[in-house]
């Protein structure tokens with residue numbers, strides 16, 4: 001293989017996927033939003049030319065926009081931080097293109113990968129600044145690498161995408177605008193991981209801000225933490241913005257590279273979070289107008305989805321899909337379309353399933369653990385589900401029965417994994433449960449375990465998928481018909497996340513992921529991380545064997561999957577990655593780790609008729625954090 005200097009190649013890709021490289025910028029004249037011009041004239045800001053980097057990133061919008069306006073959105077509360085990430089906080093080193101096909105430049109204007117796939121050298125944009133005007137340099141990335149990512153107290157397990165072949169990548173700051181990561185083995189997934197939402201952390205930590213909350217730079221930080229009411233400096237650090245998934249990061253104190261910065265702090269009692277344009281944002285349109293076009297984004301806190309739907313139908317939301325886009329809401333939105341002055345855009349799901357039922361094979365309840373690890377028990381419960389009734393009732397006949405698996409027509413589709421045990425057959429379910437040793441029943445018809453007690457467990461769920469409560473009602477009824485007492489329990493998102501990622505649950509419901517890119521989101525198919533809730537302790541172990549909630553898999557096939565995925569991480573060849581992933585999926589079909597309902601339901605969003613540059617169709621994914629990679633900074637109000 002030859003050395004792959006991809007700087008020219010990336011420039012070509014950028015042109016293909018809606019991003020324009022920096023060309024002829026010495027002749028370009030830059031302009032700014034009127035609200036910023038007023039601040040410049042008042043002496044509160046430097047000129048736009050002084051605020052922009054040497055080569056601002058030129059991004060081609062669908063249409064050249066105009067400045068002004070407030071984008072109104074709704075969110076459920078502090079646990080809904082994904083709403084913010086997906087809308088206005090997607091600025092990693094490299095990013096997904098608008099079609100979710102290629103990784104393209106972003107904070108890094110170019111990069112090279114060594115011939116052996118082990119070294120990645122990134123070239124930053126000279127003159128970029130944080131939202132407070134302080135220069136952004138490679139030293140900020142060095143702070144993240146040395147003092148956050150590899151700080152044993154903040155991240156005892158390290159950062160997964162930096163670890164290949166059991167070793168953390170070495171880091172080198174070559175100069176103020178060049179950094180290099182060197183791995184012990186080829187790092188085939190490094191670039192896609194950097195382009196995902198979790199990759200934004202690399203360019204998130206403004207050193208000049210976060211040093212004051214870190215003991216390496218502030219010897220008094222523990223005392224300051226205690227004085228502020230925190231048990232230790234780590235929780236103090238996180239509370240002051242040191243966690244990309246914590247609502248406390250949205251505060252005027254935390255500098256950002258995002259298009260909008262927080263105008264107020266987001267706390268548990270916040271009723272509206274306001275984001276205001278970042279005067280130092282480093283992207284411009286082809287006419288030299290500094291992005292974003294929109295002045296502000298407001299997020300009204302509305303805990304009840306029903307109220308969100310009513311407000312959206314009344315025209316009080318400018319563009320949103322999150323929380324409101326259940327299929328059974330669409331008819332209501334159609335009826336109110338003229339009154340609300342909006343239209344629909346389509347969302348193409350990249351998920352593997354509409355809903356995934358995960359019985360925790362590593363439950364802390366030893367009786368349930370033994371029951372759940374019985375494959376026939378899981379198969380029987382799958383046969384007990386009347387998927388067609390759910391599809392007709394919940395999804396209006398728009399989906400097909402399906403297990404968690406790559407979607408039909410995709411490169412890694414596995415027919416066995418996708419279609420097995422989807423037939424509704426209570427006779428088979430009852431026979432399998434009887435033969436599995438659960439033939440005895442109590443006076444109410446519920447089956448008894450080997451300990452003589454009723455087989456009863458709680459399945460927790462939260463705000464996703466949008467119709468999770470209805471799914472639980474159906475599944476509870478079906479499983480009770482074959483003698484299994486499943487008790488649904490809805491939980492606030494924060495409490496739910498804490499429980500399932502620390503192996504605190506017996507069973508959990510969530511949406512399926514990995515329908516198009518299973519390599520990017522594999523946790524429905526294998527215990528790869530703490531999102532693999534069908535065997536949470538195994539998944540935690542695969543990331544960090546030292547974690548107190550970790551447990552080495554007792555199933556050799558689970559260990560084999562982890563080994564294969566490590567091989568994927570160490571190869572840059574996509575065909576070889578796919579071959580290895582196909583083997584992982586074949587094992588998933590053999591083990592039948594989790595139970596699905598159907599292919600993902602079609603989805604949609606609502607956009608006001610005076611709100612432009614929203615694509616008619618876009619992916620719906622977390623790895624491609626909808627809608628941010630559609631270049632939300634180019635959205636604008638017009639007539």
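Here, each number is a calculation from the coordinates, and none is a lab measurement. Predicted model, so just to flag it, every value in this text is computed and none were measured. No Cβ is skipped: glycine too gets one built from the backbone with ideal geometry, and neighbour counts run over all protein chains shown.
If you look at the Cα atoms of the chain, you get an Rg and a Dmax of 25.1, 84 Å. With all pairs of different C-alpha atoms in the average, the Kirkwood value for the hydrodynamic radius of the range 356-596 is 18.2 Å. Counting only alpha carbon atoms, the long axis of helix 7-16 and the longest principal axis of the chain meet at about 80°. Compute the angle between helix 574-591 and the longest alpha-carbon principal axis of the chain, please, reported from 0 to 90 degrees and rounded to the nearest 10. Roughly 30 degrees between the two axes. Using a Förster distance of 41 angstrom, determine the FRET efficiency expected from the C-beta separation of residue 609 and residue 441, and round it to 0.05. Calculated transfer efficiency: 0.10. Taking the Cα atoms only, what angle lies between the long axis of helix 468-481 and the longest principal axis of the chain, rounded to 10 degrees? Once rounded, one gets 10 degrees.
I want the antiparallel fraction of DSSP beta bridges within the chain, as a percent rounded to 5.
Working: 53 of 75 bridges.
Taking every DSSP beta bridge with both residues in the chain, the antiparallel ones total about 70 percent.
Packing-based ranking of 51-60, 347-356 yields 347-356, 51-60, ordered from highest to lowest mean Cβ neighbour count within 10 Å.
Work out, step by step, the length gained on full extension between residue 586 and residue 334: first 0.36 nm times the residue separation, then minus their alpha carbon distance; give nm to one decimal. Walk me through the numbers on the way to the answer.
On the way: separation 252, 0.36 × 252 = 90.72 nm, distance 4.27 nm.
Residue separation times 0.36 nm, minus the Cα-Cα distance, leaves 86.5 nm.
Sorting 75, 28 from the fewest to the most surrounding beta carbons within 10 angstrom yields 28, 75. Our note on the geometry: Cα centres of the range 387-429 and the range 436-508, 21 Å apart. Centre-to-centre separation between the Cα atoms of the range 154-185 and those of the range 124-153: 14 Å. Only helical runs count toward this figure. For the chain, summing -39,500 (n - 2.57) over DSSP H runs of n ≥ 4 and dividing by all residues gives -7500 deg cm²/dmol at 222 nm. Here 424, 236 are placed in order of increasing Cβ neighbour count within 10 Å, fewest first, which gives 424, 236. Shown for the range 209-339 is the translational diffusion coefficient from the Stokes-Einstein equation, using the Kirkwood radius over Cα pairs, a temperature of 37 °C and a viscosity of 0.692 mPa s: 185 µm²/s.
Arranged from fewest to most other beta-carbon atoms within 10 Å of their beta carbon, 485, 506, 269 become 269, 485, 506.
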